[in-house]
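Just below is one structure, and these are the notes that go with it.
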Amino acid sequence: MRRIPLLSIAIVAMLCTGLGSDMAYGQSSPGGHRAVRRDAFFFELAGQSRGLTVNYERKMFDTEPHNLSLRVGWGIGWSIPLTASYLLGRDHKLELSAGWLYQLGTKTYGSIFPTVSEKPDEKWNSKYVSGFIGYRYENGRGSFLFRAGYTPLYRYSGTHDDKEFISTVGISIGWAFR
């Protein structure tokens, strides 16, 4: 049986309960900050998992123009990205992120998407640290979300223990809501 890292459990618990987010919600504060409570649901193509992922994001401290959010996702095969992001801006934002990625699948030649195999000897797993720098549009009323940017990945552990640096770009489309 696989052990689930304690950090993963803590991040998922924080996202589900909104722990830490209650302090940031309220009226506009002096100095032009506007307080917005927002969750997001989006699809990412390429980017952190180099495939397709479905993601949930929760803003923890979100008085604009400065925001902090946590994200968890699930992708094709078994790809689990966890990310913390700093967002700067109101509707048009600079997004800077750091995260961790776990992938389990098989080597599928001719495809960039990992898949799950029925043959146990073909399975592999990899662990990565990741970053993201990019553009994010999220309108103030809370609906359409668009992200695009550069994602560096560093594989530090895996089935074959190959250390590897990977550069990818990704695009995301989704919805932000209160």
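For this structure, a couple of remarks:
- Subset of the stretch 157-174 [surrounded by fewer than 14 Cβ atoms within 10 Å (Cβ to Cβ) and not polar (S, T, N, Q)]: His160, Asp161, Asp162, Lys163, Glu164, Phe165, Ile166, Val169, Ile173
- The one condition in (1) in contact with a Lys or Arg (Cβ under 9 Å, 6 or more places away or on another chain); (2) aliphatic (A, V, I, L, M); (3) modelled with pLDDT of 50 or more that Ala24 fails to fulfil: (3)
- The stretch 138-156 - residue that is in contact (Cβ under 8 Å) with a residue 40 or more places away in the chain and surrounded by 14 or more Cβ atoms within 10 Å (Cβ to Cβ) and, of those, farthest from Ala40 (Cα to Cα): Leu153
- One residue stands out among those in the stretch 71-91 that are more than 19 Å from Ala176 (Cα to Cα) and at pLDDT below 95: the one that is surrounded by the fewest Cβ atoms within 10 Å (Cβ to Cβ), which is Trp78.
The values are calculated or read from the model by the stated rules, or taken from the named source; none is laboratory data. Just so it is clear, the model here is predicted, and its values are computed rather than measured. Virtual Cβ from ideal backbone geometry, glycine too; neighbours counted across all protein chains shown.
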